[in-house]
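The values are calculated or read from the model by the stated rules, or taken from the named source; none is laboratory data. From a predicted model like this one, the values you see are computed outputs, not experimental measurements. With ideal geometry, Cβ positions are generated from the backbone for all residues, glycine too; neighbour counts draw on all protein chains shown.
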Amino acid sequence: MAELQEIPLLEVRKVTKVFGGGFLRFAPTTVALRDFSLSIQERPARIITVAGESGSGKTTLANLILGFLTPTSGQILYRGVDIQKMSHQQRLTYRREVQAVFQDPYAVYNPFYRIGHVFDMAIKNFGLARNRAEARALVEDALNVVGMRGEEVLEKYPHQLSGGQRQRIMVARAYLLKPRLIVADEPVSMVDASLRAMILDIMLRLRDEHNISFLYITHDLSTAYQIGDRIYILYQGQLVEGGQTTEVIDNPKHPYVQLLIESIPVPDPRETWGRELVLTIDDEQAAPGRQEGCPFYPRCRFRMARCLEAAPPLYNLDSADHQAACYLYEVPTA
C-alpha cells in the first residue's frame, strides 16, 4: 500500500496576481505575479527565500500569503485548506500560526501606545493567558528569545527605541503566538550590520530550536546565502530559477541570475570590480508586466526568437531540486 503523501504546511499553486483592469475593461493591467508555485513542509522547519529586484513580485507574494490580497487565479493552501475558503475558526488559527515581520520597524507601531500594548493586544485577541501573571510570563519568554527584557522596553514608547530594538520586538511578538510560519518581508534591510547579524541569528534559532519556518523576502543574496535553505528568484513577477540556496548562488543557470551574481562585488581588494556586464536592451520590449514570452528577453545575452513566443517552463537541471525557466536547458527530443 502506497504511503500517504504528507500535506504541506503551506502550498502556493500557480498563483497569478493582476492589478488594474476591473470594470474599466480597457485600462492597463500589470501582472505582478504569474503562475507562481511553492511548497513548505511542516517538518523540518526551513527558511525559504524569495529574492529579486524591486518590482519583481516579492512583496505581492507576501501580501497574498498573509491574506491582504486575493489571487487573480490559483490557490494558496494552508494544511490543505484554501485560505480564501476558510471558516471563521480556521481563519483565526491561520492568523495565529502564520505571522509577519515587515521591513520598516518605524511604521508598524502606534506612537501613542507603549511597547507593552503590542503584546497585550496579541494576548487579548487570541486568548493566550488567563491572568496578568501568565501574560507577563509569556511576554518575558518571547522577549528573552530575541535577547531583551520586559523591564527595559515594555513601558517605553516606540520613539524611545532604536530601529533594531523595534524590529526584534516585532519578531518577539510573532514568536509569542507560537506560529508555524513567519513571513519576513525584508526584515533586516533597515538596520545596521551588527543588528542584521543578530536578527538573522534569531531566525536560525527559531527554525532549529522551535521548528518555525520562514518565508524570507529579500533582495540581498548575501543574507539569503547565509541562512536560506531553498531560494526562488523572481524577475518581473515570474519565477526564473529555484533550488537549494547554495547551489543556485554558487552555480546560477538562468541568464538573469548569472548577471545578478556577477554584479556582486568580491570582498577582496586584489579583485577589481570593473568587469563590464554586457546587456542587450530592447526598449520596445522592456516594459514590465509583458503578457507574452520570457520577461528577461529584452536584456538577455542569449535571447532567441522563440523566447518571444511563450514564456519557457521550468526545466530540471543537474540536480532534481534545481530548476531554471530558460530554453537553453530544453532537452532536444530525438
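Annotations
- Segment 73-115 - residue that is touching a Phe, Trp or Tyr at 6+ places or on another chain (Cβ under 9 Å) and polar (S, T, N, Q) and, of those, surrounded by the fewest Cβ atoms within 10 Å (Cβ to Cβ): Gln90
- Among the residues making up segment 53-77, none is in a strand (DSSP E or B), free of Cβ contacts under 8 Å to residues at least 60 places away in the same chain and closer than 30 Å to Gln258 by Cβ.
- Scanning segment 67-107 for residues that are among the polar types (S, T, N, Q), over 23 Å from Val18 (Cβ atoms) and modelled with pLDDT of 90 or more yields Ser87, Gln89, Gln90, Thr93, Gln99.
- Restricting Pro179, Pro187 to those that are surrounded by fewer than 22 Cβ atoms within 10 Å (Cβ to Cβ), outside any helix (DSSP H, G or I) and touching a strand residue (DSSP E or B) at 6+ places or on another chain (Cβ under 7 Å) reduces the list to Pro179.
- Exactly one residue out of Thr59, Thr49 is crowded, with 23+ Cβ neighbours inside 10 Å and either in contact with a helix residue (DSSP H, G or I) (Cβ under 8 Å, 6 or more places away or on another chain) or β-branched (Val, Ile, Thr) (or both): that is Thr49.
- Single match in Arg299, Arg306 (criterion: at pLDDT 85 or above and surrounded by fewer than 16 Cβ atoms within 10 Å (Cβ to Cβ)): Arg306
- Identity of the residue in segment 140-171, within 13 Å of Ile115 (Cβ to Cβ) and under 19 Å from the mean Cα position of the chain (by Cα), that ends up surrounded by the fewest Cβ atoms within 10 Å (Cβ to Cβ): Met170
- Listed by position, the helices (runs of 4 or more DSSP H) contained in segment 78-171 that have at least 3 residues being closer than 22 Å to His210 by Cα and in contact (Cβ under 8 Å) with a residue 40 or more places away in the chain are 116-126.
- Selection status of Arg25, farther than 19 Å from Tyr216 by Cα, basic (Lys, Arg), outside any strand (DSSP E or B) and at pLDDT 90 or above: no
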